[in-house]
């Protein structure tokens, strides 16, 4: 398990997760809702969610569906976030992506961004998560990224503390 997954799990143990990545939206319905960039990361988090007892669902447009996953698959992001307590995303386009595939991905995923309207379909009190850096206006709206319906900055702080603890442990075991 990656440090990010551990930190996110520590952040809130009772949320329902919906993942959205560069292949689409992935929803986890048990107690966390996440949106994620890398397909491999999304698949790992989906498996982790299921092992943790979460009902995991993934929503993505046609042609972007994840394969080889125990998650429930959706094409509708609204259906994916129903019952979610948290919705998590990551960037849809990486710096190494060529511009034509990046443009096609942005167009295909434009209806999968975390917006206030999408969060309205999740559980009351649902919040957004993002592993940062974010591209406001693409995978998440500025109003969600900087508003009251996110725990992104808490998530980043938790990651910092976890990284400091890992460094301390590594240095102590090598001394």
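The values are calculated or read from the model by the stated rules, or taken from the named source; none is laboratory data. Computed from a predicted structure; not experimentally measured. Every residue, glycine among them, receives a Cβ derived from its backbone with ideal geometry; neighbour counts consider all protein chains shown.
Sort out which residues of the stretch 64-84 are part of a loop (DSSP other than H, G, I, E, B), surrounded by fewer than 24 Cβ atoms within 10 Å (Cβ to Cβ) and out of contact with any helix residue (DSSP H, G or I) (no Cβ under 7 Å at 6 or more places or on another chain), and write them in order of number.
Matches in the stretch 64-84: 65, 67, 68, 75, 76, 82, 83.
Looking at (1) in contact with a strand residue (DSSP E or B) (Cβ under 7 Å, 6 or more places away or on another chain); (2) buried (at least 24 other Cβ atoms within 10 Å of the Cβ); (3) assigned to a loop (DSSP other than H, G, I, E, B), which one does residue 87 not meet, given that it meets all the others?
(3)
If residue 43 satisfies every condition in (1) over 25 Å from residue 142 (Cα atoms); (2) modelled with pLDDT under 80; (3) surrounded by fewer than 19 Cβ atoms within 10 Å (Cβ to Cβ) but one, which is the exception?
With respect to (1) over 25 Å from residue 142 (Cα atoms); (2) modelled with pLDDT under 80; (3) surrounded by fewer than 19 Cβ atoms within 10 Å (Cβ to Cβ), residue 43 is out only on (3).
Inspect all residues belonging to the stretch 90-110 and state whether any of them is under 22 Å from residue 143 (Cβ atoms), in contact with a helix residue (DSSP H, G or I) (Cβ under 6 Å, 6 or more places away or on another chain), modelled with pLDDT under 80 and assigned to a loop (DSSP other than H, G, I, E, B).
For the stretch 90-110, residues under 22 Å from residue 143 (Cβ atoms), in contact with a helix residue (DSSP H, G or I) (Cβ under 6 Å, 6 or more places away or on another chain), modelled with pLDDT under 80 and assigned to a loop (DSSP other than H, G, I, E, B): absent.
Inspect all residues belonging to the stretch 51-72 and state whether any of them is within 23 Å of residue 157 (Cα to Cα) and in contact with a strand residue (DSSP E or B) (Cβ under 9 Å, 6 or more places away or on another chain).
no
Could you go through the stretch 93-105 and let me know if any residue there is surrounded by 15 or more Cβ atoms within 10 Å (Cβ to Cβ), closer than 21 Å to residue 159 by Cβ and either touching a residue at least 12 places away in the same chain (Cβ under 8 Å) or under 17 Å from the mean Cα position of the chain (by Cα) (or both).
no
Quick one: how many residues across the stretch 116-150 are surrounded by fewer than 16 Cβ atoms within 10 Å (Cβ to Cβ) and modelled with pLDDT of 90 or more? Lay out the reasoning, then the answer.
In the first step, residues of the stretch 116-150 are kept if they are surrounded by fewer than 16 Cβ atoms within 10 Å (Cβ to Cβ); the result is 116-117, 120, 124-125, 132-133, 136-137, 142-143, 146-148.
Next, from what is left, pick out any that are modelled with pLDDT of 90 or more: 116-117, 120, 124-125, 136-137, 142-143, 146-148.
Total meeting the criteria: 12.
I'd like to check something: does the stretch 153-175 contain any residue that is in a loop (DSSP other than H, G, I, E, B) and surrounded by 12 or more Cβ atoms within 10 Å (Cβ to Cβ)?
Taking the stretch 153-175 and keeping what is in a loop (DSSP other than H, G, I, E, B), we get 175.
When the remaining residues are screened for being surrounded by 12 or more Cβ atoms within 10 Å (Cβ to Cβ), the result is none.
So far as the stretch 153-175 goes, no, none of its residues is in a loop (DSSP other than H, G, I, E, B) and surrounded by 12 or more Cβ atoms within 10 Å (Cβ to Cβ).
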